[in-house]
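Asker: Quick one: structure below, then a few questions.
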Amino acid sequence: MKKCVDFFHNGFGYGYDLGTLNKVIENLCGCKLVEEAKYIVQKLKGVVKPNGFTYKYLICGFCDVGNLVEGSKMWNLMVGEGFVVGINVVEMMMNTLLKSNRSWPPPSPLSVTTPYHLFPVVVPGG
């Protein structure tokens, strides 16, 4: 991974390019090397600012390997930086959640989850 980061730093006269970073991240995530892709994005964050596509590839990559926790961290980071989550990312997260056969968020003995806690109460005429 150090060689990959050095490649971006050397640039060979081409400079830093977000498109090249996205291609590298997409291919690494496609090969299920998501942790390595995350490492590269973190190391280059000061030089090449990731965009929505970078986060999309990372989220989908973490979902492919079944790591919903890291996928949701990337999701929160993406939303925190002002990017809009695409429908394909939402679909990927939902598919992974349903395939994992777990409830999300995990049930807590101190809270009662009912539909009226999840959505605001609409009072007619109020």
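Asker: Pairs please, first residue from segment 79-100 and over 17 Å from residue 65 (Cα atoms), second anywhere and assigned to a helix (DSSP H, G or I) and among the small types (Gly, Ala, Ser), Cβ atoms under 6 Å, 6+ apart in sequence or on different chains.
Answerer: Listed pairs, sorted by first residue: 83/52.
Asker: I'd like the full set of residues that are part of a loop (DSSP other than H, G, I, E, B) and among the β-branched types (Val, Ile, Thr), limited to segment 35-67. Full working, then the answer.
Answerer: Step one: filter segment 35-67 for residues part of a loop (DSSP other than H, G, I, E, B), giving 45-51, 65-67.
47, 48, 65, listed by residue number.
Asker: Please enumerate the residues belonging to segment 20-34 that are part of a helix (DSSP H, G or I) and in contact with a helix residue (DSSP H, G or I) (Cβ under 8 Å, 6 or more places away or on another chain).
Answerer: Applying the first criterion (part of a helix (DSSP H, G or I)) to segment 20-34 yields 20-30, 34.
Across segment 20-34, the qualifying residues are 20, 21, 22, 24, 25, 26, 28, 29, 30, 34.
Asker: Pairs only if they're at least six apart or on different chains, beta carbon under 9 angstrom, first in segment 38-50 and more than 22 Å from residue 65 (Cβ to Cβ), second in a loop (DSSP other than H, G, I, E, B); list them, first residue then second.
Answerer: 47/16; 48/16; 48/17; 49/81
Asker: Something else about it: Show the residue pairs that are 6+ apart or on different chains and have beta-carbon atoms under 6 Å apart, the first residue being within segment 16-28 and modelled with pLDDT under 90, the second being assigned to a loop (DSSP other than H, G, I, E, B).
Answerer: As it stands, the answer is 16/47; 16/48; 18/48; 21/48, since those pairs meet every condition given.
Asker: Would segment 96-110 turn up any residue that is at pLDDT below 90 and β-branched (Val, Ile, Thr)?
Answerer: In the first step, residues of segment 96-110 are kept if they are at pLDDT below 90; the result is 96-110.
The next check asks that each one be β-branched (Val, Ile, Thr); those that pass are 96.
Within segment 96-110, one or more residues are at pLDDT below 90 and β-branched (Val, Ile, Thr).
The values are calculated or read from the model by the stated rules, or taken from the named source; none is laboratory data. Note that the structure is predicted; figures quoted are calculated from it, not measured. Ideal geometry is used to build each Cβ from the backbone, glycine not excepted, and the neighbour counts take in all protein chains shown.
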